[in-house]
Amino acid sequence: MQTNMNVWPSSFRIVLIALVSFSFVNCGSAGITSSFMRSEWPSIDIPLDNKVFEVPKGYNAPQQVHITQGDYDGKAVIISWVTREEPSPSKVQYGISEKQYKFSNEGTVTNYTFYKYDSGYIHHCLVDGLEYDTKYYYKIGEGDSARTFWFQTPPKINPDAPYTFGIIGDLGQTYNSLSTLEHYIQSGAQAVLFVGDLSYADRYENNDVGIRWDSWARFVEQSTAYQPWIWTVGNHEIEFFPEMGEVQPFRNYLYRYSTPFLAARSTSPLWYAIRRASAHVIVLSSYSPFVKYTPQWRWLRAELARVDREKTPWLIVLMHVPIYNSNVAHFMEGESMRSVYERWFVHYKVDLIFAGHVHAYERSYRISNIHYNVSSGDPYPVPDKSAPVYITVGDGGNQEGLAGRYRDPQPDYSAFREASYGHSTLEIMNRTHATYHWNRNDDGKKVEMDSFVLFNQYWAGNLQRRRLKKNHLKAPLDRKTGIATY
Ligand SMILES: [Fe+2]
């Protein structure tokens, strides 16, 4: 997989991707450790006076604009922004024609202090009752300082609705982060599944923590104002700073980033779910209680039971800490969550589990370790057709740099791994097929590296059952018993 696939004819690439899917996803052949060597830009944050952090002109102009899904099924968005000078109304004007804003909604405004930093006025406005598959234009702010953006709502929930997600993790605000963001925007994906560790502002002290949360939100606005980013929390959102008198976890994050947790019957914005097009996406918090009987455990149990693969065939789980990781960095940190939830992931045939945390890329085979129970069973993960594919994309490009050391030899569960920056895309075609790509940032260029066709765990696995069901309807009934006979 060291070859640049972009130089090959497209028909040959499709055949190759299909072959890769058989060999990498379903079977247990030897995994690949990429030896690609890259010239890495320094892992330093971009200086605050760089234009990527530019404050929009005008008195009280809205800045740090970002949207996320606002309900369970994709007919609402939450629009958030910050004004610096005064609270001003949290009003969103919107409509389906440019410069004609027929509708408006009013949200809420709040602010907070963190150590001696005073936040701007943070606005959140739910815009609901939208039509599916429609482009909306929206306007926020007042007078000459008003700003306009647009977004596209997803197709109606439908098992065959095509949809493309991007997957980004551990982004930060370095030159490598900028490269990842630019490459992601070029990909044409429609929404981001973000797997935690947003700004890395917690690497700073005192007032600079708040300032770097602000700069990060301005940095990503070129994407977040136009399409929903589905947020997951990472360790860099915890920000437990007793030395600064800040001991309430996730405080900066929670003021700034809303999630539609109530619509998903969750009791916390840190774990929730959305349905979008043909996908059911479950977001978990690696840094909140998750063991048996905790609120997150009870919610996940109920949410998994609510998943309807006939309506949303693609079941995707997001979390920050990977369950299967063979990098030296953060090795085994996901073991506690694995021991609690892996059995459910296999039982419900989750298609994909995306995580971040490790600053490198890795993909697993379909494997599970659910038969081991301390007193008996094989303690190693084994091939399991019902298990998800685990993918780590903590390679957004933050100031901590790459995790370049992998465990040697490569464990049997690891299919492909490479310590580079990049992002992924998941292109859902219909209820049975999706194509997946991991794209490396290669000296400023985007290079497609790890690609495969994914067969849906529910629909591909149930072909035989559905054939039987179909035949059952056609089969003659036994007159005495009423049971179909073949
Ligand atoms: Fe992390």
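The values are calculated or read from the model by the stated rules, or taken from the named source; none is laboratory data. Remember, predicted model here, so these are calculated numbers, not experimental data. For neighbour counting, all protein chains shown are included, and Cβ atoms are generated from backbone atoms with ideal geometry for every residue, glycine included.
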Which one of ARG338, ARG366 is away from the ligand (no atom under 16 Å from the Cβ), in contact with a strand residue (DSSP E or B) (Cβ under 9 Å, 6 or more places away or on another chain) and modelled with pLDDT of 95 or more?
ARG366
Exclusive hit being within 16 Å of the ligand (Cβ to nearest atom) and under 22 Å from ALA355 (Cα atoms), set LEU198, LEU300:
LEU198
Go through the residues of the range 61-77 one by one and say whether even a single one is over 28 Å from the mean Cα position of the chain (by Cα) and part of a loop (DSSP other than H, G, I, E, B).
yes
Given (1) at pLDDT 95 or above; (2) small (Gly, Ala, Ser); (3) part of a loop (DSSP other than H, G, I, E, B), identify the lone condition not met by GLY404.
(1)
Looking at (1) assigned to a strand (DSSP E or B); (2) over 20 Å from ALA191 (Cβ atoms), find the lone condition where ASN439 falls short.
(2)
Tell me, please, whether a residue that is modelled with pLDDT of 95 or more, more than 16 Å from the ligand (Cβ to nearest atom), among the aliphatic types (A, V, I, L, M) and surrounded by 23 or more Cβ atoms within 10 Å (Cβ to Cβ) can be found in the range 316-329.
yes
So in the range 341-362, with the set limited to residues that are assigned to a loop (DSSP other than H, G, I, E, B) and touching a His at 6+ places or on another chain (Cβ under 7 Å), which one is farthest from the ligand (Cβ to nearest atom)?
VAL358
Looking for something closer than 22 Å to ASP208 by Cβ, surrounded by fewer than 20 Cβ atoms within 10 Å (Cβ to Cβ) and modelled with pLDDT of 95 or more - is there at least one such residue anywhere in the range 27-43?
no
For the range 116-199, which strands (runs of 3 or more DSSP E) that fit wholly inside it have 1 or more residues that are out of contact with any Gly (no Cβ under 9 Å at 6 or more places or on another chain)?
121-127, 135-140, 147-152, 163-168
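Between PRO313, PRO295, which is over 20 Å from the mean Cα position of the chain (by Cα) and more than 30 Å from ARG147 (Cα to Cα)?
PRO295
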Please indicate, with yes or no, whether at least one residue in the range 99-112 is touching a Cys at 6+ places or on another chain (Cβ under 9 Å) and surrounded by fewer than 16 Cβ atoms within 10 Å (Cβ to Cβ).
yes
Go through the range 379-398 and give me each residue that's touching a Lys or Arg at 6+ places or on another chain (Cβ under 9 Å) and assigned to a loop (DSSP other than H, G, I, E, B).
ASP384, LYS385, SER386, ALA387, PRO388, ASP395, ASN398
Quick count over the range 211-262, residues being among the hydrophobic types (A, V, I, L, M, F, W, C) and surrounded by 19 or more Cβ atoms within 10 Å (Cβ to Cβ), is 11
